[in-house]
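Input: a single structure, listed below in structure tokens.
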Amino acid sequence: VERPLALALWASIQHTRHELPVQRVYSGRQIYSLLFPPHFHYENSKTQVRIQGGALVRGALCKVTLGATSGGIVHSMFLSHGPVRTAQFLSDAQRLVNRWLMHRGFSIRLADCQPSPETTEKVSATIRLAEQKVKRILGTDAVHFLPSDTLEETLSEISNRVLTNVGKVVHASLDSRTNALYQAVLCASKGNLINVAQLLGCIGQ
């Protein structure tokens, strides 16, 4: 973030006590750190997020750390700085994000939901393999002697495994830095990894 925009973002925050250092370019972590109290400390080993002395020094914030969960940033700030300062943080976080979205909007485009030709071929190969397994089972004489519930369970297991395998193919093809759909899922804003597999791969059974 260049200094003119950084100043505009800083001005949108009402309760900060941080000063914006004089430099030409700022990182996103520097800007978001303006929201934290100067002596706030937080660490989450699961998400690798670390806040030291009111500065976000490691990790990317997501719903796990910022959401209404026990052990999250909001919970920790409430315990260490009280309800008033926590409410100020939440209000300022919304102001900061709103101001940022005025500069750079976020939307999921059609291209984010379209797999590459290579990914499409890998998905098709995965589905064909499952279809071949089902045909082999149905083509044997032993299928006539299997209980219907056993047969259904076997075929269902193959079908369910297809979505799992397709998901692995799809996820490996996506770049979290450029694909907005994947970004929304990874930060736990909307959807989940199964939805991504269904959008870009196959629906399932």
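A few comments on the model shown:
- Here the Karplus relation 6.51 cos²θ - 1.76 cosθ + 1.60, evaluated at θ = phi - 60°, turns the backbone of region 128-136 into coupling constants of 4, 4, 5, 4, 5, 4, 5, 5, 5 Hz, with x for every Gly and Pro.
- In this structure His39 has an accessible area near 140 Å², from a 1.4 Å probe over the protein heavy atoms.
- With the helix formula -39500 (n - 2.57) applied to DSSP H stretches of n ≥ 4, the chain reaches a computed 222 nm mean residue ellipticity of -18000 deg cm²/dmol.
- Simple point charges give the picture: +1 on the Cβ of Lys and Arg, -1 on the Cβ of Asp and Glu, and for region 108-205 a dipole about the Cα centre of about 340 debye.
- Extension reserve of the Gln48-Lys135 stretch, reckoned as 0.36 nm per residue once the Cα distance is removed: 26.7 nm
- Eligible aspartates and glutamates near Lys168 by straight Cα distance, threshold 19 Å, same-chain separation 8 or greater: Asp112, Glu118, Glu121, Glu131, Glu157
- Folded to 0 to 90 degrees: helix 148-173 orientation relative to the chain principal axis, Cα: 40 degrees
- Converting phi to 3J(HN,Hα) with the Karplus coefficients 6.51, -1.76 and 1.60 and the offset θ = phi - 60°, region 90-99 yields 4, 5, 5, 4, 5, 5, 5, 5, 4, 5 Hz in sequence order, with x at every glycine or proline.
- Look at where the Cα atoms of region 114-139 and of region 5-68 average out, and the two centres are 46 Å apart.
- Amide H contacts under 5 Å for Val49: Asn44, restricted to partners 5 or more places along the chain or on a different chain, H placed in the peptide plane at 1.01 Å from N.
- Each of Leu5, Thr150, Ala188 was placed along the dipole of the chain (beta-carbon charges, centred on the mean Cα), and the one lying farthest toward the positive end is Leu5.
- Label-point separation in nm, Ser80 to Arg58, each point 7 Å along Cα→Cβ: 1.5 nm
- FRET efficiency for the pair Leu90 and Gln114, taken as 1/(1 + (r/R0)^6) with r the Cβ-Cβ distance and R0 = 41 Å, rounds to 0.65.
- Rounded to whole Hz, the Karplus (6.51, -1.76, 1.60) HN-Hα couplings of region 56-70, x for glycine and proline: 6, 9, 7, x, 10, 6, 8, 5, 5, 8, 9, x, 7, 10, 5
- By definition, a body whose alpha carbon gyration tensor gives a ≥ b ≥ c is prolate when a/c is 1.5 or more and a/b is larger than b/c, and region 134-205 fits this prolate description.
- For the chain, the carbon plus sulfur part of the accessible surface works out to 56%, probe radius 1.4 Å.
- In nm, spacing of pseudo-spin labels at Ser107 and Asn192 (7 Å Cα→C-beta vector): 2.9 nm
- Virtual spin-label span in nm between Thr69 and Asn98, 7 Å along Cα→Cβ: 2.7 nm
- Correct option for log10 I(q)/I(0) by the Debye sum over Cα atoms at q = 0.09, 0.15 Å⁻¹ [calculated from the coordinates] among (1) -0.53, -0.98; (2) -0.66, -1.01; (3) -0.47, -1.08: (1)
- Computed from point charges on the beta carbon alone (+1 for Lys and Arg, -1 for Asp and Glu), the dipole magnitude for the chain about its Cα centre is near 860 Debye.
- Cys residues of the chain counted as unpaired, since no other Cys beta-carbon is under 4.7 Å: Cys113, Cys202
- When the trypsin sites (Lys or Arg not before Pro) in region 1-34 are filtered for DSSP coil states and for at most 16 other beta-carbon atoms within 10 Å of their beta-carbon, the remaining sites are Arg17, Arg24.
The values are calculated or read from the model by the stated rules, or taken from the named source; none is laboratory data. If you're wondering where the values come from, they're calculated on a predicted model, not measured in any experiment. Glycine also receives a Cβ, built like all others from the backbone with ideal geometry; neighbour counts cover every protein chain displayed. Each accessible area value is taken on the protein alone, full model and side chains, heavy atoms only, with ligands, DNA and RNA left out. Shrake-Rupley method; radii C 1.70, N 1.55, O 1.52, S 1.80 Å.
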